[in-house]
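Structure record follows, encoded as structure tokens.
Values in this text are rule-based calculations from the coordinates and carry no lab data. Treat the numbers as computed from the prediction; the structure is a model and nothing was measured. Positions of Cβ are generated from backbone atoms using ideal geometry, with glycine treated the same way; all protein chains shown enter the neighbour counts.
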Amino acid sequence: MVVDNADGEVLALECNCIHADNNPLQHAEQVGIRVAMARLHAKRPREVGTPVEQYYKNPLFMAPGTAPEDFINRGCTLYNTFDPCGMCAVTLLVCYMKRIAYLFDNPQFTTVYNDMRQYFRGRESLKEPLALLEDGDDTPLRKGSRLIRVMREKVKHLEESGTPLMTTVDRYRDELQQAAVLLIETEIDHLSTSGEERERNVRTLHGIKRLCNIN
Ligand SMILES: [Zn+2]
């Protein structure tokens, strides 16, 4: 999923299409980036006089700023299932993605993004595991965080016992069903943010639900 940090719009929500397309390059990130880019071309078209090289450094997926809040409020964030593979890490650097937040570790590729960043100087980008809410009440967002913690443990355990990482999610029918129910149950009132941040979160929640055909 690619989200415009500036206004919370969900620019793309895509999945791995390797099998559907008989194409080894169709990792979810590759598909998502291209869909999001087409939307950004329409939303923030390149102005006359702006060179393409300048356009993709700002304002496509990137916007300047290295303060912690800049990675939340500016440019775009790609949310993905696994810490990206080598091909996708480089792709994300080439297209100047501001922030990447992933659900599950990918031990095989954990250092690639930061290693490659030295070849792509000047990238004000950040890759980090998705932050979760503290445990507490039984609101859908806290239940969702709890569910992700459980799944992180299971992914780690399966991966360590020899299950190929990309197939571990196939074992989570129950958890994924619970996640779908939580998404359906999550309403605007459950959001804990306020002000502009809340407006963005509302837009993101509506965008996810719309793309998942949830009313
Ligand atoms: Zn990949």
Inset, instruction - Sort I208, I100 so the one with the fewest other Cβ atoms within 10 Å of its own Cβ comes first. - result: I208, I100
Inset, instruction - Take every Cα pair under 8 Å in region 133-215 that's 6+ residues apart, average their separations, divide by the length, and report that relative contact order as a whole percent. - result: 27
Inset, instruction - Pull out a ≥ b ≥ c, the square roots of the eigenvalues of the alpha-carbon gyration tensor of the chain, then state rounded if a/c is under 1.5, prolate if not and a/b is larger than b/c, and oblate in the remaining case. - result: oblate
Inset, instruction - Give, as a single signed number, the net charge of other residues whose beta carbon lies under 12 Å from the beta carbon of R99, with Lys and Arg counted +1 and Asp and Glu -1. - result: -1
Inset, instruction - Subtract the Cα-Cα distance of H41 and V94 from 0.36 nm times their separation in residues, and report this length gain in nm to one decimal. - result: 17.4 nm
Legend entry - Residue-wise HN-Hα coupling along region 173-187, computed from phi with Karplus coefficients 6.51, -1.76, 1.60 (Hz; x: Gly, Pro): 3, 4, 5, 5, 5, 4, 4, 5, 5, 4, 5, 4, 6, 6, 10
Legend entry - Cα centroid separation - region 171-215 against region 119-154, whole Å: 15
Inset, instruction - Between beta-carbons, use under 14 Å as the cut-off and find the net charge around T77, counting Lys and Arg +1, Asp and Glu -1. - result: -3
Legend entry - Ranked D21, D138, D83, criterion: other C-beta atoms within 10 Å, fewest first: D138, D21, D83
Legend entry - Theoretical ellipticity at 222 nm over the chain - DSSP helices of four or more residues, -39500 (n - 2.57) apiece, nearest 500: -13500 deg cm²/dmol
Legend entry - Cut-off 17 Å (backbone N to label point 7 Å along Cα→Cβ of E69), residues of region 1-45: 5-8
Legend entry - Relative contact order of region 55-212, pairs being alpha-carbon contacts under 8 Å that are 6 or more residues apart, as %: 16
Inset, instruction - Would you mind ranking E29, E153, E199, E53 by Cβ crowding within 10 Å, fewest neighbours first? - result: E53, E153, E199, E29
Inset, instruction - Could you tell me what percent of the DSSP beta bridges with both partners in region 1-131 are antiparallel, to the nearest 5? - result: 35
Legend entry - Estimated D of region 133-215 in µm² per second, where Rh is the Kirkwood radius over Cα pairs and Stokes-Einstein applies at 4 °C, 1.567 mPa s: 90
Legend entry - Pairwise label distance in nanometres, E196 with L132, each label 7 Å out on the Cα-Cβ vector: 3.1
